[in-house]
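The values are calculated or read from the model by the stated rules, or taken from the named source; none is laboratory data. What you see is a predicted model; the values in this text were computed from it and never measured. All Cβ positions, glycine included, derive from the backbone under ideal geometry; neighbour counts span all protein chains shown. Side chains included, ligands, DNA and RNA excluded: accessible areas come from the protein's heavy atoms. Shrake-Rupley method; radii C 1.70, N 1.55, O 1.52, S 1.80 Å.
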Amino acid sequence: MSSETRRKILEAARKAFSKYGYDGVSMEEIAREAGVKKALIYYYFPSKDKLFEEVWREALEELESHLFSVTEETNSYFAKIKKFLKSYVDFVLNKTVLNEIIEKEKSTVRFEEEKWSKLRERYESFIKRVEELIEEGKKQNYVYKDLDSRAAAELIVNSFGDVPKDKRLLQNIQEMILRGLLNVKTEEGR
């Protein structure tokens, strides 16, 4: 029962944080959404901060897993980057609660509050993985050598999240990123 109750609280917190953001939701609202007493939330999570940290960490882990699991399926860089970007579009369209949590609080976690240093480090490691994917393309001559990998990673991560959930628009963004990243001379299958 305890892991089921904990999961119920986390799901309620996901919904609340995605809808209202960290500052816009209270523990009472999360308890009401979860159908539990507020004291029970504190049994599992000693503070709203700790609950948010868990929700953010899980959202980011799910995003990372969603994106990078498809890159492990192929050795072809061209196919890998296409699958990665397609998976990002899929995540934005189909994992809206998780995407909203990340987008609503990304700037707070990254730039404002010192209390989120662990979350900031975790987010930076995600950006670093995207950067490494760009670097892999540079080594294989698929990505322009003079392209700043960090800037490209930031562009990718910030291009999909906070736009209307319009599949065609997101696919057009995906295509623009591909065209900007890939060295035209080495593209396959176009």
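Just need a number here: residues in region 39-69 that are over 21 Å from Lys115 (Cα atoms), in a helix (DSSP H, G or I) and either of a type in the set (S, T, N, Q) or within 19 Å of the chain's Cα centre (by Cα) (or both).
7
Find all pairs meeting these conditions: Cβ atoms under 8 angstrom apart; at least six residues apart or on different chains; first residue within region 3-15 and over 13 Å from Phe45 (Cα atoms); second residue open to solvent by 70 Å² or more (accessible area, probe 1.4 Å) and part of a helix (DSSP H, G or I).
Going by the 8 Å Cβ cut-off, the qualifying pairs are Ala12/Glu33; Lys15/Glu33.
Select from region 5-38 the residues that are more than 25 Å from the chain's Cα centre (by Cα) and part of a helix (DSSP H, G or I) and list them in ascending order.
Thr5, Glu28, Ala31, Arg32, Lys38 - these are the residues of region 5-38 that are more than 25 Å from the chain's Cα centre (by Cα) and part of a helix (DSSP H, G or I).
Look through Glu54, Glu103 and report the one residue that is within 14 Å of Phe17 (Cβ to Cβ), buried (at least 16 other Cβ atoms within 10 Å of the Cβ), at pLDDT 90 or above and not aliphatic (A, V, I, L, M).
Answer to the check: Glu54.
In the list Ile177, Ile134, which residue meets the criterion of being out of contact with any strand residue (DSSP E or B) (no Cβ under 9 Å at 6 or more places or on another chain) and open to solvent by less than 70 Å² (accessible area, probe 1.4 Å)?
Only one candidate passes the filter, namely Ile177.
Across region 10-24, what is the number of residues that are out of contact with any Phe, Trp or Tyr (no Cβ under 6 Å at 6 or more places or on another chain) and buried (at least 17 other Cβ atoms within 10 Å of the Cβ)?
Final tally of qualifying residues: 8.
Just to verify a result, which residue in region 31-47, among those that are without any contact (Cβ under 8 Å) to a residue 24 or more places away in the chain, more than 24 Å from Asn94 (Cβ to Cβ) and not hydroxyl-bearing (Ser, Thr, Tyr), is least open to solvent (accessible area, probe 1.4 Å)? Reasoning before the result, please.
So the first thing to find is which residues in region 31-47 are without any contact (Cβ under 8 Å) to a residue 24 or more places away in the chain, and the list is 31-33, 37-39, 42-43, 46-47.
Checking which are more than 24 Å from Asn94 (Cβ to Cβ) leaves us with 31-32, 37-39, 42-43, 46-47.
Restricting the remaining residues to those that are not hydroxyl-bearing (Ser, Thr, Tyr) gives 31-32, 37-39, 46.
Details: Ala31: 5, Arg32: 168, Lys37: 157, Lys38: 78, Ala39: 76, Pro46: 97 Å².
The extreme case among them is Ala31.
Please state which of the following conditions Tyr144 fails to meet, knowing it meets all the rest: (1) surrounded by 14 or more Cβ atoms within 10 Å (Cβ to Cβ); (2) of a type in the set (Ser, Thr, Tyr); (3) under 27 Å from Phe52 (Cα atoms).
Going through (1) surrounded by 14 or more Cβ atoms within 10 Å (Cβ to Cβ); (2) of a type in the set (Ser, Thr, Tyr); (3) under 27 Å from Phe52 (Cα atoms) one by one, Tyr144 breaks only (3).
Do we find a residue being at negative phi, at pLDDT below 95 and of a type in the set (Val, Ile, Thr) anywhere in region 60-71?
Checked region 60-71: at least one residue is at negative phi, at pLDDT below 95 and of a type in the set (Val, Ile, Thr).
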